[in-house]
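Note sheet for the following structure.
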Amino acid sequence: MYWEGRVLISNNLQMHGKTCLVHNSTACAPALFDVLTEDTQGQPRMKLQDTSVFDANSPQARAILHLFYFDLAISAVIFLTVASLVLYAVIRFRQRPGEGEPFQDPGNPKLETLWTVIPALILLALLVATAYTMRVVNPPVIRSDPNVAVIAHQWWWEYRYPHSGVLTANELHMPLGKKWLLRLESADVIHDFWVPGLGAKVDAIPGHPNYLWLTPSKTGVYLGTCAEFCGEEHALMGIRVIVQSSEEFEAWQQSQLRVPAKPTGVEAERGARLFEERTCMNCHTIADTKARGTVGPDLTHVGDRQTLGSGAIPNTLDQLTKWIMDPQKIKPGCNMPSLKLTESQAHDIAVYLEALK
Amino acid sequence: MSEESPANRAITSLADMKEYRGMLSWITSVDHKQIGILYIVSAFVFFLVGLGLALAMRIQLMVPVSHFMSPGAYNQIFTMHGTTMVFLMAMPLLFGFSVYFVPLMIGARDMAFPRLNALGYWLYLFGALMMYFSFVAGGAPDAGWFSYAPLTEKGYSSSPGIDYWALSLLVMGAGSVATGINLIVTVLTLRAPGMTLTRTPLFIWMIFFNAFLVILSLPALNAALVMILADRQLNAHFFSPAHGGSALLWQNYFWLFGHPEVYILVLPAFGVISEVIPVFSRKVIYGYGFLAASTIAIAFLSYGVWIHHMFATGMSYVILYVFAGSSMLIAIPTGIKIFNWIATMWGGSIRFTTAMLFATAFQIQFTVGGLSGVAFAAIPIDWQLTDSYFVVAHIHYVLLGGTLFAMFAGTYYWFPKVTGRLLSEKIGKLHFWLMVLGFNGTFFGMHWLGIAGMPRRAYTYLDRPPLGTLHLISSLFAFVLALAILVFLWNVARSLLKGEVAGDNPWGGWTLEWATTSPPPVENFDRVPSVRGRRPLWDLAHKTEGGQP
Amino acid sequence: MMERNKMGMILFLLSEAVFFLLLILAYAFYHTSGELGTQAANALDVVKSALFSVALLSSSITLWQADVCLKSGGRSQARLLLAATILLGLIFLIGQGTEYAHLLREHVTISRNLFGTTFFTLTGFHGLHVAVGLALLLILLGLAVIGTSREPTSLAMEAISFYWHFVDGVWVVIFAVVYLWGYV
């Protein structure tokens, strides 16, 4: 596939910063972007993987891809057969001047049985391949303690790691080469967890937990998205999976378990106060502070994340300030209201949050 | 009636029919032909509306991160596009062809219940208008044409859009069931002398089984609709997980209706193709028995495949295996039909009228839609591609490249019968080629979009190759498709104003509708013809004793 | 070939059967999932309901007899039996009304829990069908009293009696599932 491996980072340019080519109104465009291979956060550069089904980076995704190749091959043969028969017939059997009535052939049960049985056999082969691949991709789950619990919300993702107690949002970290079990849950409506580069999609359904096995086989950043229509901001419910080596993953996990140091500096301290005064804490949690809300994402280590708003904008001081001032301009309909802050107030809160790593 | 024989008749167009003059004659009509025309014209108006909504979506998606419309507006528009095309356009269009041609093709004077027939149409129109009234009554429905609960619960959709959606579908559903019953009884009781069930044209055969699908699948939708209305209006808890309700019950009931519904939309198309291909190939349909039997197989199997819309919801393996098997099984009777149509053309004497062109493109495009459908039956592929643009490509290859192309074949074939005037073949061919280009250009790339990770129903997308390019191509070709429809409108208008007089049987058709005048008189036939085979007019022309089987 | 009105009615009832089947399945699904909350067994008065059910079922018999009489020319007898049918149907509806009133007094409403949700939806739609049937029977009785009970009325009578027997039959299933299942 020619597009395989082509990772374009340059397209973010018009979205990034202040120039917005396509937008007309007061707000800057939601910066849907691809910035995050840049080293803005002091993290190692990571390759942004393609979101193509053909760019399979786990045994599960590869098994699906092989089945898909098999199906495509079958489809190609059948399509070419049908299309060439049709085209041959319409060319060869065109009416010619002076032609008499053609032979009225009412049918031939033997021939017709043949073109019933042959497709049936082909489909039987596909069915066997299907059953085999299902076992490889997502075998039934007997034990139910997952490595990660994925909880979908309108319109963001919450990730809980029950073994270590880590809790994060929108960016799922996974170690390379480990077969992990994900449990999908929903806090409200039906969502769907889909990372094409890593494999199958599974619905996140309220009151009906589902399971998904994933074994990432290449480090990098994998983009995915909610695939079941879930309301106004369904389109901006991005998934970001960061696959790291076991050591890096372990280090990340340790960093998440540490409570970040209280930010210092005038702006950050003002921001911390504002965070508590201006109702932010009603919805968000920051460890070791009075903020205990659980409606929105946990912000204890928000400064560590690559993106904000479930992949809507890159996590920079500038963008975060804009987001705090009016999230409805960036992600219309999202559940975070505009708090009518001044730009300097929003800036202070952003400085505070960016320091939480 | 004063008309006695075609010779002394001066009626060559609908405008000549004095019984059809005046608004009142249309509003109060119980004539199946007028009701059929009302259905078809209304369906076409809603088709134009649905097309407009589609173009709005294509403009929004032309470039990444577009701000042509807000997410809320986009969600209403894609929901209304799907709802309009399925319930306000496709179903009434098929009903229109059915109630117009079933009595004619079986040699009857009208439907079994003419007043019920009118009721069915007016219920449809009322429901359809109510659906669109929602736009000015607080917001159109915005949860997709299959409106999954619990997104449709009051807590997540507080605007009245979903209520309008459910009520309108209930009203239209009542009309559809009435029409379905009417069609079945008509076929069973009003066939011309000598026309046994196995001598009915395949169009009749398909409509007959289709009507069973209608009356037995719509109640599943109705049950789901009254449940969601109870939840929304009376605070019941059918689909509310917080109170122990099930989020999946809606999906089961909806698709128990929804999958037969897909076949409700394609079986009449199969029927049209099975009429058009033999006439323009000058050959008897190949394997009537297999075609008829495969229709029954499809009708039965269509009730046993609904879970394939729900493979990603986390079902037990036993259920998954069963429904993967049944979903592949249903591909077989469909495949049989394609091969039988090819065999009908084989060795024939093919005339390339516009109708035949549409029927030819149908066969190839429907095959693409069928094959992408089989991909979804292979469950792990479904796990990757369901809810992506691959699905959007698939349904449009089936319903637009398939059903709509077949209905255009039927339109070019039967337009002269209905109006007495021929459509221009020249403009028709322009329409056809623009349509093939516009359709494939718009939708083929969507397979690729799905493979590249584009989820359906998203109002915007990341600026990552190849998404932008593919969306742009699709949007540009959508305008070609719209242009094709304009050409068709021009053709119709031109033909109604100054089209060539068609005569009784311009194509040399063999079924009974061609035995009467164009347009047919109110009573359809001066004398109900007697039938001795499957092709009464062929038998008449060839004087074969006993006729074709 | 069957007369077309009867055929139409049978097809309509087939469609209705699917509708009721799915409402009954929804009830059964929540019943087995143990999510019903207030259970049928402790909210409903089975004995009382059984009595009203007997009224509804006997109305099928009277209607059948009315049909028989009409065909053999016993018009006045037919009228009487038709009136009896309507009365029995009315008794059933009144019974259902008192049952609803009792439940509502106990705060078992459609929004209380899933038992309320499924119970009221299912029995409510059935009651609605009984009411529609009563309206049809009243029209028939009216026609019979006016005295035009010739062939058309007899045909309508047959079609309507199909409907009535169907509604009764559905009630048997509902009674078994909703009222008796709780005790099994």
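The values are calculated or read from the model by the stated rules, or taken from the named source; none is laboratory data. None of the values given here were measured: they were computed from a predicted structure. Glycine also receives a Cβ, built like all others from the backbone with ideal geometry; neighbour counts cover every protein chain displayed. Accessible surface areas use protein heavy atoms only, side chains included; no ligands, DNA or RNA. Shrake-Rupley method; radii C 1.70, N 1.55, O 1.52, S 1.80 Å.
Odds and ends about this structure:
- Kirkwood-Stokes translational diffusion coefficient of chain B, alpha-carbon pairs, 4 °C, 1.567 mPa s, µm²/s: 54
- Helix axis angle, B:247-281 relative to chain B longest principal axis, alpha carbon, degrees: 30
- Choice from C:85, C:121, C:32 showing the highest fluctuation, given a GNM over chain C with Cα pairs closer than 10 Å: C:32
- Per-selection Rg to Rh, segment A:148-245 - Cα, Kirkwood hydrodynamic radius: 0.93
- Computed with the Debye formula from one identical point scatterer per Cα of the protein assembly as shown, without solvent, the log10 of I(q)/I(0) at q = 0.05, 0.06 Å⁻¹ comes to -0.37, -0.53.
- Farthest positive-ward along chain A dipole, Cα basis, beta-carbon charges - from A:90, A:220, A:109: A:109
- Projected label points at residue A:101 and residue B:158, each 7 Å from Cα along the beta carbon direction, are separated by 7.3 nanometres.
- Assuming charge only on the beta carbon of Lys and Arg (+1) and of Asp and Glu (-1), the dipole of the protein assembly as shown about its Cα centre is about 1800 debye to the nearest 20.
- Based on the convex hull around the alpha carbon atoms, chain A presents an average projected area of 25.3 nm².
- Under 15 Å from residue A:179, Cα to Cα: aspartates and glutamates that are on another chain or at least 8 residues apart: A:145
- Counts of other chain beta carbons within 10 angstrom of each beta carbon in peptide A:133-144 average 3.
- Accessible area of residue B:463 in the full protein assembly, 1.4 Å probe (Å², nearest 10): 30
- Signed unit charges on C-beta, dipole axis of the protein assembly as shown, positive-most listed residue C:113, B:436, A:299: B:436
- The heavy atoms of residue C:16 present about 30 square angstrom of accessible area, all protein chains included, probe 1.4 Å.
- Formal net charge of residues neighbouring residue B:230 (Cβ-Cβ distance under 15 Å; K, R +1; D, E -1): 0
- Local net charge near residue A:93, Cβ-Cβ under 14 Å (Lys/Arg +1, Asp/Glu -1): +3
- Angle between chain B longest axis and helix B:354-377 axis [Cα atoms, degrees, rounded to 10]: 30
- Extension gain for the segment residue A:132 to residue A:292, taken as residue separation times 0.36 nm less the Cα-Cα distance, is 52.9 nm to one decimal.
- Compared with the dominant principal axis of the Cα atoms in chain B, helix B:331-345 is inclined by about 30°.
- Ignoring lysines fewer than eight residues from residue B:498 along the same chain, the ones with Cα atoms less than 25 angstrom from its Cα are B:18, B:33, B:417, B:426, B:429.
- Placing one equal scatterer on every Cα of segment C:94-175 and applying the Debye formula, the log10 ratio I(q)/I(0) at q = 0.13 Å⁻¹ is -0.54.
- Computed E for residue B:433/residue B:318 - FRET, C-beta separation, R0 51 angstrom, nearest 0.05: 0.55
- Shown are C:15, C:58, whose ranking by accessible area with a 1.4 Å probe and every protein chain present, most to least, is C:58, C:15.
- For residue B:514, net neighbour charge (Lys/Arg +1, Asp/Glu -1) across residues whose Cβ lies under 10 Å away: -1
- Orientation-averaged projection of segment A:45-102 equals 6.8 nm² [convex hull of Cα atoms, one quarter of hull surface area].
- Ignoring aspartates and glutamates fewer than eight residues from residue B:154 along the same chain, the ones with Cα atoms less than 18 angstrom from its Cα are A:188, A:232, A:233, B:142, B:163, B:231.
- Residue-averaged [θ]222 nm for the protein assembly as shown, counting only DSSP H segments that reach four residues, each worth -39500 (n - 2.57): -19000 deg cm²/dmol
- Once Rg and the Kirkwood radius are both taken over the C-alpha atoms of segment C:1-130, their ratio Rg/Rh works out to 1.07.
- Full extension of the chain segment joining residue A:338 with residue A:145 gains 65.6 nm, where the gain is 0.36 nm per residue of separation less the Cα-Cα distance.
- Farthest towards the positive end of the charge dipole of the protein assembly as shown, among the residues B:263, B:362, B:233, is the Cα of B:362, using unit charges on the Cβ of Lys, Arg, Asp and Glu.
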